[in-house]
Amino acid sequence: MRIAITGSSGFVGEALVQSLRVDGHDIVRLQRGSGGGPGTARWDPATGALDQQALGRLDAVVHLAGENVAGGRWNATRKRAIADSRGPATTALCRALAALPQRPAVLVSASATGIYGDRGDELLDEDSPAGSGFLADVARAWEAGTEPLRASGTRVVNLRIGMVLDPSGGALRRMLLPFRLGIGGRLGAGRQWMSWITRDDLVAAIRFALRRAELRGPVAAVSPNPVTNREFTAALGRALRRPTILPAPAFALKLVFGEMASALLLASQRVQPRRLLAAGFAFTAPTLDQALAALRRG
Ligand SMILES: NC(=O)c1ccc[n+]([C@@H]2O[C@H](COP(=O)([O-])OP(=O)(O)OC[C@H]3O[C@@H](n4cnc5c(N)ncnc54)[C@H](OP(=O)(O)O)[C@@H]3O)[C@@H](O)[C@H]2O)c1
C-alpha cells in the first residue's frame with residue numbers, strides 16, 4: 001500500500017513508519033514547513049494545503065499529528081496550539097484529501113481516551129457518550145474533523161488511544177527516572193483508572209484498522225486491562241524493583257502542573273477495546289505486567 005502519515009516524526013509515528021517499511025509498504029511522510037526530499041510531501045495544518053504531486057495516488061492515510069498534550073504547563077497559548085492542531089487541522093486535512101482526484105480508501109485518525117473526560121469507575125467503550133472538559137472538547141472536534149472525508153466515501157477509523165507505553169518515550173519514559181530513584185508514587189488517591197496500550201500493540205492496531213473493512217468510526221485503542229493509578233504504581237515499582245511509597249498529593253500536582261494535572265494525571269477513564277476484540281485483534285501485551293516485562297529484564 002502507499003500510505004501517507006502525518007506526525008510521522010513523533011513517538012508513535014516513527015515506530016509505525018518503521019513497522020510498515022519493514023513489510024514493504026510505500027510510505028509518504030506528510031511534513032509541515034520546510035524540509036522534504038524523497039518519501040515526503042508537504043502539508044500545512046493551518047490550511048490543509050497538500051503537495052499533490054509529491055503525494056501521488058494514495059491507498060491510505062494515517063493522521064497522528066498534533067501539538068504534544070503533555071509537553072508543558074498549559075497556558076492559553078499552549079491550549080490554543082493543542083486545540084488548533086487537532087479539530088481545525090483535521091478538518092482542513094480531510095477537506096483537502098476529499099478533494100484529491102483519487103481519494104484514499106481509508107483514513108486512520110488519532111483521537112484519545114480523553115474524549116470521555118473524568119468518569120470514575122464507569123466502564124466505557126465506543127458506545128459511551130463523550131465527557132466534558134478541555135481534552136474531551138478537543139477530542140470531539142478532532143473526531144468531527146474527519147467528517148468531510150467520511151462523507152465523501154472514505155472509510156474513517158477514529159482511534160481513541162490510551163496512554164501509550166514504551167520505555168523509549170512518552171509517559172513511561174518520563175516516569176522512569178523518579179521511579180528508578182525510588183521517589184515514584186501514586187498520583188493523588190491513586191483511584192483513577194488508567195487506560196493504556198503498549199506502543200507495539202498500538203502500531204499493530206493501526207495496521208489492523210488499515211486492513212479491516214468492518215472497522216469504522218470510534219475504535220478504542222487500549223489494552224483490555226486498564227488499571228487504577230495505584231495498581232500502575234505498584235506494577236512499575238515491581239518491574240523496577242523499587243519502593244513506591246511516596247505519593248504525590250493531588251493539591252501538589254495541581255500546584256505544579258495546573259489544569260493539566262486534573263485533566264491528564266488525575267482524570268479517570270476505564271476503557272474497554274470492545275471493537276478491536278470483536279474484530280479479533282490479539283494484543284501482544286494484554287496485561288500491565290507483560291507490558292512492563294522489558295523493564296524487569298533491563
Ligand atoms: N502518546 C500517547 O500516550 C498518546 C495518547 C493518546 C493519544 N495520542 C495521540 O496520538 C498521536 C501521536 O502521539 P505521539 O505520542 O506520537 O505524539 P508526539 O510524539 O507528540 O508526535 C506528534 C507529532 O505531531 C506533529 N506535531 C507536533 N506539533 C504539531 C502542531 N502544532 N501541529 C501539527 N502537528 C504537530 C509532529 O510531527 P511532524 O513534525 O512530523 O509534523 C510530532 O512529531 C497524537 O495526536 C497524540 O495526541 C497519544
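Rundown of residues vs (1) touching a residue at least 40 places away in the same chain (Cβ under 8 Å); (2) within 10 Å of the ligand (Cβ to nearest atom); (3) within 22 Å of Ala144 (Cβ to Cβ), yes/no style:
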residue	(1), (2), (3)
Ile3	yes, no, no
Leu20	yes, no, no
Val28	no, no, no
Ala46	yes, yes, yes
Gly87	yes, no, yes
Thr91	yes, no, yes
Gln102	yes, no, no
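Restricting attention to the range 74-85, and to residues there that are part of a helix (DSSP H, G or I) and within 14 Å of the ligand (Cβ to nearest atom), which single residue is farthest from Arg270 (Cα to Cα)? Across the range 74-85, the extreme among qualifying residues is Thr77.
Matching residues to (1) in a helix (DSSP H, G or I); (2) under 20 Å from the mean Cα position of the chain (by Cα); (3) β-branched (Val, Ile, Thr); (4) closer than 21 Å to Ile115 by Cβ:
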residue: Ala171; (1), (2), (3), (4): yes, yes, no, yes
residue: Gly185; (1), (2), (3), (4): no, no, no, no
residue: Arg207; (1), (2), (3), (4): yes, yes, no, no
residue: Ala213; (1), (2), (3), (4): no, no, no, no
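Select from the range 20-43 the residues that are under 21 Å from the mean Cα position of the chain (by Cα) and either under 22 Å from Ala83 (Cβ atoms) or crowded, with 16+ Cβ neighbours inside 10 Å (or both) and list them in ascending order. Explain how you work it out, then say what you get.
If we filter the range 20-43 for residues that are under 21 Å from the mean Cα position of the chain (by Cα), which is where we start, we get 20-21, 27-32, 43.
Passing the criteria: Leu20, Ile27, Val28, Arg29, Leu30, Gln31, Arg32, Trp43.
Here Ala110, Ala89 are screened, and the one residue that is small (Gly, Ala, Ser), surrounded by 24 or more Cβ atoms within 10 Å (Cβ to Cβ) and not in a helix (DSSP H, G or I) is Ala110. Could you check the range 154-185 and list, in sequence order, the residues that are surrounded by fewer than 22 Cβ atoms within 10 Å (Cβ to Cβ) and away from the ligand (no atom under 16 Å from the Cβ)? Selection gives Thr154, Arg155, Leu177, Pro178, Phe179, Arg180, Leu181, Gly182, Ile183, Gly185.
No lab work stands behind these numbers, since they all come straight from the coordinates. Just so we're clear, the structure is a prediction, and the values are computed from it rather than from any experiment. Using ideal geometry, Cβ is built from the backbone for each residue, glycine included, and neighbour counts are taken over all protein chains shown.
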